[in-house]
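A quick write-up on the structure given underneath.
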Amino acid sequence: MTPNVGAAIPADDVERITKDLIGALKTVYDPEIPVDIYELGLIYKVDLDDDRNLTIDMTLTAPGCPVAGEMPGWVENAARNVEGIQDVTVNMVYDPPWDASRMSEEAQVALNWW
């Protein structure tokens, strides 16, 4: 994941924020699947503007997910803990629909999808 970034942020800050953001996102789990949302491929897009405001587009494994109303808040709270981010907006998107091909190799191994 490399966020789309404004030009005013130094490259070393972007690198650190990206690394820390990935770590933060990996603390959020889909409660029905024992894999974090980053490895599941639920994060579609990340933008960091010149004022260090973060926008995340994410999805769910299924539109009827029982935590659909809660998960964006979990993601927002995790991202807010990253040093250097001023504000966070999380958008729930369903296009394109999520499918198992978006999972990392790590997630596929954890779920025995090999």
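If a residue has to be of a type outside the set (Gly, Ala, Ser), in contact with an Asp or Glu (Cβ under 8 Å, 6 or more places away or on another chain) and part of a helix (DSSP H, G or I) to count, how many in the range 94-114 make the cut? Give the derivation first.
In the first step, residues of the range 94-114 are kept if they are of a type outside the set (Gly, Ala, Ser); the result is 94-99, 102-103, 105-106, 108-109, 111-114.
Imposing the further condition that a residue be in contact with an Asp or Glu (Cβ under 8 Å, 6 or more places away or on another chain) reduces the set to 103, 106.
With part of a helix (DSSP H, G or I) added as a condition, the list becomes 106.
Summing the residues that are of a type outside the set (Gly, Ala, Ser), in contact with an Asp or Glu (Cβ under 8 Å, 6 or more places away or on another chain) and part of a helix (DSSP H, G or I) in the range 94-114 gives 1.
Working only within the range 29-51, note down all residues that are assigned to a loop (DSSP other than H, G, I, E, B) and either surrounded by 21 or more Cβ atoms within 10 Å (Cβ to Cβ) or modelled with pLDDT under 95 (or both). I'd like the intermediate steps shown before the answer.
Quick first cut of the range 29-51, residues assigned to a loop (DSSP other than H, G, I, E, B) only: 30-35, 41-42, 49-51.
If the condition is that a residue be assigned to a loop (DSSP other than H, G, I, E, B) and either surrounded by 21 or more Cβ atoms within 10 Å (Cβ to Cβ) or modelled with pLDDT under 95 (or both), then ASP30, PRO31, GLU32, ILE33, PRO34, VAL35, LEU42, ASP49, ASP50, ASP51 are the ones that fit.
Run ASP12 past the list (1) under 12 Å from the mean Cα position of the chain (by Cα); (2) surrounded by fewer than 16 Cβ atoms within 10 Å (Cβ to Cβ); (3) of a type in the set (Asp, Glu); (4) assigned to a helix (DSSP H, G or I) and report the number of the one that doesn't hold.
Here ASP12 clears every test but (1).
Go through (1) over 29 Å from TRP113 (Cα atoms); (2) among the hydrophobic types (A, V, I, L, M, F, W, C); (3) touching a residue at least 12 places away in the same chain (Cβ under 8 Å) one by one and return the number of the condition ALA11 breaks.
Among (1) over 29 Å from TRP113 (Cα atoms); (2) among the hydrophobic types (A, V, I, L, M, F, W, C); (3) touching a residue at least 12 places away in the same chain (Cβ under 8 Å), the lone unmet condition for ALA11 is (3).
ASP20: farther than 20 Å from PRO96 by Cα, surrounded by 14 or more Cβ atoms within 10 Å (Cβ to Cβ), modelled with pLDDT under 95 and of a type in the set (Asp, Glu), yes or no?
no
When the residues of the range 62-83 are filtered to those that are touching a helix residue (DSSP H, G or I) at 6+ places or on another chain (Cβ under 8 Å) and in a helix (DSSP H, G or I), which remaining residue is nearest to ILE43 (Cα to Cα)?
So the residue we want is VAL75.
Restrict the check to the range 84-93 and report whether at least one residue is within 15 Å of LEU25 (Cβ to Cβ), part of a loop (DSSP other than H, G, I, E, B) and either of a type outside the set (S, T, N, Q) or touching a residue at least 12 places away in the same chain (Cβ under 8 Å) (or both).
Within the range 84-93 (the criterion being within 15 Å of LEU25 (Cβ to Cβ), part of a loop (DSSP other than H, G, I, E, B) and either of a type outside the set (S, T, N, Q) or touching a residue at least 12 places away in the same chain (Cβ under 8 Å) (or both)), the answer is yes, since at least one residue qualifies.
The values are calculated or read from the model by the stated rules, or taken from the named source; none is laboratory data. Here the structure is a predicted model, which is why all the values come from computation and not from measurement. Neighbour counts are summed over all protein chains in view; Cβ atoms, including those assigned to glycine, are modelled from backbone coordinates with ideal geometry.
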